[in-house]
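**Student:** I am attaching a structure below and will ask some questions about it afterwards.
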């Protein structure tokens, strides 16, 4: 008799990984593809991070620092975060998992926007929790609706700021009103994976609310996007030290590699690279907005490094036709947005190729 997982695990549909670009090119018989589907940094990694990786490779016979001491100290010194409230993760998504593992019991509820990062729903179900998705209001997170969804079983609320896939941000005034009505025993996780790309000055800074009266706030950050270290899987959480102590109880001892820690430490000193990343992203988005307007395609301005575009037909068809021409974008069908594609800003020549190729695809569909 074959072993069977518990029903709450067996019912989960695994996260669908994409194929490597090289394999897609081999299957389709094409070359020179560009990828604007995963919100990655088109500039690559920080040069300072690359140099640090070279030095760290000489010590790969040693286990990494299980506490991430130097990276946590740097983050504390640079931004004023509480040292004992900093926790490193194998990507910020590991912190999501640690929060759920530490605080959720079967039957507890986890509130999240819909659509938003798919992992929130998955990790809640891993622990036998009940996901409570709250639909967006237009393209914005519905904080009033999320507050109304709170019950005595609510343990965690996820907020993504800016939200993925819409790129919309929460205002400071709305967030503070939300904090005032959510029960104090609730944990609010503010996922700021894309906050470095935000241009809206009315957006709250999540770390400002840590340790205050009211619900406990945990802030998630990552080096994957603005710092170009997605392949190293390194992120961190900021929280009250008492909460970090619980998460450390369920964290693997060596959850982040020595190379990832060294690269992130060096990247924090590369302010020039961060500024270049922001400028190329913002100029790229502004260019793409203008081109979409010329093409008569509805789009939604974003405070992240990506944005949504509404298609005149099913988005999966656009995705397939674009991919066959070597331009990889994201269909939003898995998010319940059947006529939308998501594209991140790339290098200028990549943005131009996307616009040109999309125009060719739409012209071909119109006949």
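**Student:** For the range 65-86, does any single residue satisfy the condition of being out of contact with any strand residue (DSSP E or B) (no Cβ under 9 Å at 6 or more places or on another chain), more than 21 Å from residue 240 (Cα to Cα) and in the same structural domain as residue 153 (by TED's automatic domain parsing)?
**Tutor:** Yes: the range 65-86 contains one or more residues that are out of contact with any strand residue (DSSP E or B) (no Cβ under 9 Å at 6 or more places or on another chain), more than 21 Å from residue 240 (Cα to Cα) and in the same structural domain as residue 153 (by TED's automatic domain parsing).
**Student:** So, in the range 51-66, of the ones that are assigned to a helix (DSSP H, G or I) and in contact with a helix residue (DSSP H, G or I) (Cβ under 9 Å, 6 or more places away or on another chain), which residue ends up farthest from residue 263 (Cα to Cα)?
**Tutor:** Residue satisfying both the conditions and the ranking: 59.
**Student:** May I pose another question? Can you tell me which residues in the range 329-351 are touching a residue at least 12 places away in the same chain (Cβ under 8 Å), closer than 24 Å to residue 276 by Cβ and surrounded by fewer than 19 Cβ atoms within 10 Å (Cβ to Cβ)?
**Tutor:** Across the range 329-351, the qualifying residues are 347, 348, 350.
**Student:** Could you list, in sequence order, the residues of the range 82-96 that are crowded, with 18+ Cβ neighbours inside 10 Å, part of a helix (DSSP H, G or I) and over 14 Å from the mean Cα position of the chain (by Cα)?
**Tutor:** 85
**Student:** Keeping to the range 68-81, report how many residues are surrounded by fewer than 16 Cβ atoms within 10 Å (Cβ to Cβ) and in a loop (DSSP other than H, G, I, E, B).
**Tutor:** The total comes to 1.
**Student:** Name the residues in the range 352-367 that are touching a residue at least 12 places away in the same chain (Cβ under 8 Å) and more than 23 Å from residue 21 (Cα to Cα), would you?
**Tutor:** Within the range 352-367, 362, 364, 365 meet the criteria.
**Student:** While we're on this one: Looking at the range 174-182, is at least one residue closer than 29 Å to residue 48 by Cβ, touching a helix residue (DSSP H, G or I) at 6+ places or on another chain (Cβ under 9 Å) and either in contact (Cβ under 8 Å) with a residue 40 or more places away in the chain or in a loop (DSSP other than H, G, I, E, B) (or both)?
**Tutor:** No, the range 174-182 contains no residue that is closer than 29 Å to residue 48 by Cβ, touching a helix residue (DSSP H, G or I) at 6+ places or on another chain (Cβ under 9 Å) and either in contact (Cβ under 8 Å) with a residue 40 or more places away in the chain or in a loop (DSSP other than H, G, I, E, B) (or both).
**Student:** Something else: Quick check on this structure: which one of 281, 256 is closer than 30 Å to residue 105 by Cβ and crowded, with 17+ Cβ neighbours inside 10 Å?
**Tutor:** Of the residues listed, the single one that is closer than 30 Å to residue 105 by Cβ and crowded, with 17+ Cβ neighbours inside 10 Å is 256.
**Student:** Can you confirm whether the range 241-263 contains a residue that is touching a helix residue (DSSP H, G or I) at 6+ places or on another chain (Cβ under 8 Å) and within 21 Å of residue 162 (Cβ to Cβ)?
**Tutor:** Scanning the range 241-263, I find no residue that is touching a helix residue (DSSP H, G or I) at 6+ places or on another chain (Cβ under 8 Å) and within 21 Å of residue 162 (Cβ to Cβ), so the answer is no.
**Student:** Quick test for you: out of 193, 149, 168, pick the one residue that is crowded, with 16+ Cβ neighbours inside 10 Å, touching a helix residue (DSSP H, G or I) at 6+ places or on another chain (Cβ under 7 Å), under 26 Å from residue 333 (Cα atoms) and modelled with pLDDT of 95 or more.
**Tutor:** Step by step, each of 193, 149, 168 is checked, and only 193 is crowded, with 16+ Cβ neighbours inside 10 Å, touching a helix residue (DSSP H, G or I) at 6+ places or on another chain (Cβ under 7 Å), under 26 Å from residue 333 (Cα atoms) and modelled with pLDDT of 95 or more.
**Student:** Still on this structure, please answer the following. If you scan the range 304-349, which residues turn out to be farther than 20 Å from residue 25 by Cβ and in a loop (DSSP other than H, G, I, E, B)?
**Tutor:** 304, 305, 311, 312, 313, 314, 332, 336, 337, 338, 339, 345
**Student:** Kindly indicate whether residue 262 is out of contact with any strand residue (DSSP E or B) (no Cβ under 8 Å at 6 or more places or on another chain), assigned to a helix (DSSP H, G or I) and surrounded by 21 or more Cβ atoms within 10 Å (Cβ to Cβ).
**Tutor:** Yes, satisfied.
**Student:** Report, by residue number, each residue of the range 10-50 that is part of a helix (DSSP H, G or I), in contact with a helix residue (DSSP H, G or I) (Cβ under 9 Å, 6 or more places away or on another chain) and modelled with pLDDT under 85.
**Tutor:** 24, 28
**Student:** Given the structure, is residue 128 at positive phi, in a loop (DSSP other than H, G, I, E, B) and in contact with a strand residue (DSSP E or B) (Cβ under 8 Å, 6 or more places away or on another chain)?
**Tutor:** No, not satisfied.
**Student:** Being part of a loop (DSSP other than H, G, I, E, B) and in contact with a strand residue (DSSP E or B) (Cβ under 8 Å, 6 or more places away or on another chain) is the filter here; which residues of the range 278-303 pass it?
**Tutor:** Within the range 278-303, 297, 298, 301, 302 qualify.
**Student:** State yes or no: is residue 230 farther than 18 Å from residue 83 by Cβ and either within 15 Å of the chain's Cα centre (by Cα) or crowded, with 22+ Cβ neighbours inside 10 Å (or both)?
**Tutor:** Against the criterion (farther than 18 Å from residue 83 by Cβ and either within 15 Å of the chain's Cα centre (by Cα) or crowded, with 22+ Cβ neighbours inside 10 Å (or both)), residue 230 qualifies.
**Student:** Here are some conditions: (1) free of Cβ contacts under 8 Å to residues at least 40 places away in the same chain; (2) assigned to a helix (DSSP H, G or I); (3) not assigned by TED's automatic domain parsing to the domain that holds residue 358. Residue 100 meets all but one. Which one does it not meet?
**Tutor:** All conditions pass for residue 100, except number (1).
**Student:** Hey, any hits in the range 241-250 for a residue that's touching a residue at least 40 places away in the same chain (Cβ under 8 Å) and not in a helix (DSSP H, G or I)?
**Tutor:** no
The values are calculated or read from the model by the stated rules, or taken from the named source; none is laboratory data. None of the values given here were measured: they were computed from a predicted structure. Note: ideal-geometry Cβ built from the backbone for every residue, glycine included; neighbour counts use all protein chains shown.
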